[in-house]
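The values are calculated or read from the model by the stated rules, or taken from the named source; none is laboratory data. This one's a predicted model, so the numbers in the text were calculated from it and none came from an experiment. Heads up, the Cβs are rebuilt from the backbone with ideal geometry, glycines too, and the neighbour counts pull from every protein chain shown. Keep in mind that these areas ignore ligands, DNA and RNA; they rest on the heavy atoms of the full protein, side chains included. Shrake-Rupley method; radii C 1.70, N 1.55, O 1.52, S 1.80 Å.
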Amino acid sequence: MTALAEIQAGAFAQRWPAADGGGGGANRLSLIVPTFNERDNVRELVARLDRCLAGLAWEVMFVDDDSRDGTLDVLRDISRADPRVRFIHRIGRRGLASAVVEGILATASPVVAVMDCDLQHDETLLPRMLDQLVADGCDVVVASRYMQTGSVGNWAKSRLLFSRVATALADFVLRTPLTDPMSGFFMLRRNAFDQVVRRLSNQGYKILLDILLSGPDLRVEEIPYTFRTRVHGESKLDTIAVLDYLALLIDKVIGHVIPLRFVMFASVGGMGLIVHLTVLASLNRGIGIAFTTANLAAAMVAMTFNFFVNNWLTYRDMRLKGLWPILRGLLSFCVICAVGMAANVGIAAVLFQQNYTWWLAATAGIFMGAVWNYTATSIFTWNNVRKAARPASGEQAAMLNQPDTNTSGAGWR
C-alpha cells in the first residue's frame, strides 16, 4: 500500500495524529519553499503540487525574503484563493537556512518537505519520498543527484566542481555516509526536526547539512533524482553562498568552543595585518616616508579595510548601509580598535617585564586586543543596527501571515 493510499484510508492519520487531535481536515504534509524574486515560478509550482499530491492533506508555506519583483503580490493572490497556500514575509533578514527554520516552526504537520521554488526539484517524487519515510521508519529522506540513476542535469563544469568539493568537505565532518549531503530537496519528520532545532546554526544555504550535523543519530535514506534546468529567475549561488557554506562547516566543528563570528572577525584581522605590512613596506621602503608616518598611515588603511570587510562579511546580517551610518560606524570602529591597540601593547609590555618570553607576551597582547575589538565593536558599531529588523522567532514571524479566521482562512491579516 502506498503512502497516499494510507492517507486516503485513514491509516496515516492514526500513525501521525493531528497536533490538535482533530479529524481528517488537518494537514499531514507541509512543504517549505523559500523564495526570493521567484514571481514567474510560484503559480506553476502550486499547480504542480496540486496535481502530484492529489488525495493528500497538504499545505505549502512560502518564506519570502522581501522580494521586489512581484513575488509577494502573486503569493497574496494565490493564498486568498487557496487556503493550502500560506506565506511568511521576512523583512531585514535573508538566508535559506533561517527561512526554512521559520517556515517549519510556523507549521504543525507531522511531516515536512523542503524544496526550492525554481522548479528544478522534481515534485513528482514527493509521494515516493513520503512512502519511503513511512515504510522504512527513517527520520529523513533525501533526494540525491549523485546516486547511480540520479543526475545534476546540464550543470557547467565549474558548478559541478564546486558541488563535488563541497560534498567532499561535508563527508569529512558527517557521521552518516550520504551521496548528496548538499541536497536542498528532502523530507523529514517534524519530531526529528524538533530534536535538533535548538542546535542549528541557521548559517548559509545548506540546511540539510546543518540538520544532519546537529542530529548525528538521525536515520537517513536517499532516493535518486535528476536536477532540472531553471527556466525563470536567477540562481542564488554566489560568493556569499560559498562563504556561508564554509562558515557553516567551521561553526559545526568549533562553534561550540569559539563563536563563529569571532573566528570570522579574527580572520579579517589577519587579512588586515597583511594589508598593514604591505602598505608600510610600500610607503617606508618603497618611497622613503618616515617609519612613524608610514606606520600610522598603514594602520589607518588596515583599520578601514577591516571595517568594510567585517561590514560585508562578519556582520552581513546587521550590515551598515548609507553614507552616514557607514561613516559613524567607521569612526567608532577606528576609535575602538585604537583602544585595542593600546591594550595590546600595554599587556604585552607588562608580561614581558614579568619575564615572559617575547612571543608569549606578544601573543597574549594580540589575543586580548582582538577580544576587546570584537566585543566592543559588536556592542557599539553593529549591535543596534536596524534593531527593528532583526530576525524574529518562527512563532513571531508566523503571526504575520496567519489565516484570518473571520474569512475561513481565505484572507490574511
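Subtracting the Cα-Cα distance of V197 and S151 from 0.36 nm times their residue separation leaves 13.5 nm of extension gain. Between the stretch 212-231 and the stretch 48-88, how many Å separate their Cα centres? If you average the Cα positions of each part, the centres end up 23 Å apart.
Tally up the carbon and sulfur contribution to the accessible surface of the stretch 62-201 as a whole percent, 1.4 Å probe, everything protein left in place. On the stretch 62-201, the fraction of accessible area on carbon and sulfur atoms equals 51 percent.
Per-residue 3J(HN,Hα) values for the stretch 101-112, derived from phi via the Karplus relation 6.51 cos²θ - 1.76 cosθ + 1.60 with θ = phi - 60°, read 4, 5, x, 5, 5, 8, 10, 10, 5, x, 10, 10 Hz in sequence order (x marks Gly and Pro).
Under a 5 Å amide H cut-off, with hydrogens placed 1.01 Å from N, E222 pairs with V142 among residues at least 5 apart or on other chains.
Residues whose amide H lies under 5 Å from that of I32, counting only those 5 or more places away or on a different chain, are M61, A113, V114, M115; hydrogens are built 1.01 Å from N in the peptide plane. Here the Karplus curve 6.51 cos²θ - 1.76 cosθ + 1.60, taken at θ = phi - 60°, turns the phi angles of the stretch 351-359 into couplings of 5, 5, 5, 8, 6, 6, 4, 4, 6 Hz, with x standing for Gly and Pro. Working note: Karplus 6.51/-1.76/1.60 with θ = phi - 60° gives the stretch 302-315 the couplings 5, 5, 5, 4, 4, 4, 5, 5, 5, 5, 7, 10, 4, 10 Hz, where Gly and Pro are set to x. Residues whose amide H lies under 5 Å from that of S151, counting only those 5 or more places away or on a different chain, are Y225, T226, F227; hydrogens are built 1.01 Å from N in the peptide plane. If R0 is taken as 35 Å, the Cβ-Cβ distance between K321 and R175 corresponds to a FRET efficiency of 0.30.
Calculate the FRET efficiency for D66 and R219 from the Cβ-Cβ distance with a Förster distance of 35 Å, rounded to the nearest 0.05. Once the sixth-power term is evaluated, E becomes 0.45. On a per residue basis, the stretch 319-388 carries 65 Å² of accessible surface, using protein heavy atoms and a 1.4 Å probe. Across R128, R189, R261, the residue with the most accessible area heads the list, and the full order at a 1.4 Å probe is R128, R261, R189.
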